[in-house]
Amino acid sequence: MQNSTDGSEPADNDPDTAPSPVAHDETVLVEVLPGAVFAFGDLPEKLKTDLELEPVDSRLLSIGDREKISTFLATIGNAANVGGNLANAFASVEGVYRVSDATLAILNAGGTLAVKDGANLGAVFLNGKIVHQARFIPVSKISAAQKMAAIGPALAMAALQLQLSEVAGLVRTNIALTSQVLTELHHDQWSTLTGLVEAVDVAFHEAQEIASVTPHVWDTVATKRAELLKARDQYQQNVGSHVRKIKQLDAHGCREYLEMNAEAIVFDAYALRSSLEAWTKYQVLRAAKVSAAGREDEAGLVEVIERDTRAERDTALTELRSLVYSLTRELRVIAELPGRATVPLTRNRRDSKAAKLTCKQLLDAIQPLADALHPPVPPLERPDVVCAPEALELDPYLRTMRWFLEDGETLRVLGFPDQLEVLGTFGAASGGAKEKVAAVIDKAVAKNLVAVTNRRIITAKTNAFRKHGQIGQGIPIDQVRYVRAPAQDGNGRSAIDIITADENIRSVFHADVDKAQVDALAAVLAESMTIPDAERHELQQHHHPVLEAGEKEKSAGTGATAAIEPDPATGDPE
């Protein structure tokens, strides 16, 4: 979709001069829910692809709900004129679609699109020619009061199906949980869960086929409510327990916990996803049954069901996303370590029931779900600044470093100093020295890694990083107070001093490292040099009492004795 109507000039934003669409070629997209649009008229495959529209199954919307939505949409912003025939035929709805944040940003760019009859107007181009007209009515044009008063329950029903689409879309096919991946205990749990999920699936698909929740269909799932709640709560508690444990541990303890419990985490993650989908399907069926009954005293119940289901889903997915991200990142780091991908992770040999799973097996199992919950970051490119001998192979470091970076974090510098020393460690708050003796982190012969991102400075021993995936420090970039780049020493080595709020860290680079690159590293770090107002104020507060004491001492001395003037010729007191 673009914002012009003739292929070359921007569309006129004047409603009176906006081009009149051809009815049979026009598409109207109405955003009735955040993240969901109703499409009216012809919707070409090209437009679906360009806007990344993912269809949502809405067959369980009752006839009454469809009529309410149809009538309401036809009254918004003269939509009857825009859509051509919205008021009379909800059957003309091409479909309900999930839209990504990026797509909504495109559609909501109404400031640059022509506006006619209350809707944004744009032209769809193929091979440089206008082939379609499309209009978009954003949700912002529909007040919450309007929606809730007119079609609140109907929209709640649509929102429930949108939720189901999101959960089901996390992964279309579950992993093959075979005896190779599951312990004996998990075999029984998985069989029980899959039986419950399948029973709900059968009833749900039957309801979709006939577009109705009949008494027979409902009776099939109504008896499963307690089991569904138990399964959902059990696996959400398991996932939550993993997340809380990981947050309590330091880096070493967290890694050990993830490795020792990887198989259980994979199982709990998939079990929660499956139980959550089954529970959401149950809620959709329940809401559809209530909606189809059309009882006035239950008019708001569908909205209550949608609200509670959304809250439950959001809580579960937040914990699931956190857990799967932590495990997957750890497995991906291990997979990059020499010889580790095919080594069993379970170390407790006394547990005869423990599955001897390798990193590769677990990563293959969890990756489909992980990629759906949190798309992986792209491979790291060589940064512009690299302080390393020319013969050093960077790819192994870049492949491992990729999994240590957080969302939105970018690698700016990669350096390999011969020495990495803490020349002094200070208490930022008290000013008292924590260590009075310089602590050398690495011997002169050891190689070190210093990576600078847009958020922090990461240090590590290269051997520990490559063999064990371990890093040393992660210093926030806003902690940098001063950067000093001394001249090369007698051996031709360059050094950089990084003064933070707590430490003075010196990196000494081999003579083979290009000095210009070392200077570039210092320049990147220098961009963050700053003293926060709170620290500046604290320093000033320490300084004022000294000045005041000096002034008082001077005043006291003047009052007690006469001033002694030096002899102008000799400088001696007279």
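The values are calculated or read from the model by the stated rules, or taken from the named source; none is laboratory data. The structure presented is a predicted model; accordingly, all values stated were derived computationally and were not measured. For neighbour counting, all protein chains shown are included, and Cβ atoms are generated from backbone atoms with ideal geometry for every residue, glycine included.
Residue selection: VAL202 fails the criterion of being under 20 Å from ALA365 (Cβ atoms) and hydrophobic (A, V, I, L, M, F, W, C). Among the residues of the range 295-320, write down those that are modelled with pLDDT of 90 or more, over 16 Å from GLN283 (Cα atoms) and among the acidic types (Asp, Glu). Across the range 295-320, the qualifying residue is only GLU319.
Apart from one condition, GLY469 fits all of (1) under 32 Å from the mean Cα position of the chain (by Cα); (2) free of Cβ contacts under 8 Å to residues at least 12 places away in the same chain; the exception is (2).
Among the residues making up the range 318-344, those that are touching a helix residue (DSSP H, G or I) at 6+ places or on another chain (Cβ under 8 Å) and without any contact (Cβ under 8 Å) to a residue 60 or more places away in the chain are ARG321, VAL324, TYR325, THR328, ALA335, ARG340, ALA341, THR342, VAL343.
Residues considered: SER275, SER191. Of these, the only one that is crowded, with 20+ Cβ neighbours inside 10 Å and farther than 23 Å from LEU61 by Cα is SER275.
Looking only at residues of the range 480-525 that are over 17 Å from ILE457 (Cβ atoms) and in contact with a helix residue (DSSP H, G or I) (Cβ under 8 Å, 6 or more places away or on another chain), we find that the one that is surrounded by the most Cβ atoms within 10 Å (Cβ to Cβ) is SER494. Inspect all residues belonging to the range 280-301 and state whether any of them is among the basic types (Lys, Arg), in the same structural domain as GLY169 (by TED's automatic domain parsing) and surrounded by fewer than 20 Cβ atoms within 10 Å (Cβ to Cβ). For the range 280-301, residues among the basic types (Lys, Arg), in the same structural domain as GLY169 (by TED's automatic domain parsing) and surrounded by fewer than 20 Cβ atoms within 10 Å (Cβ to Cβ): present.
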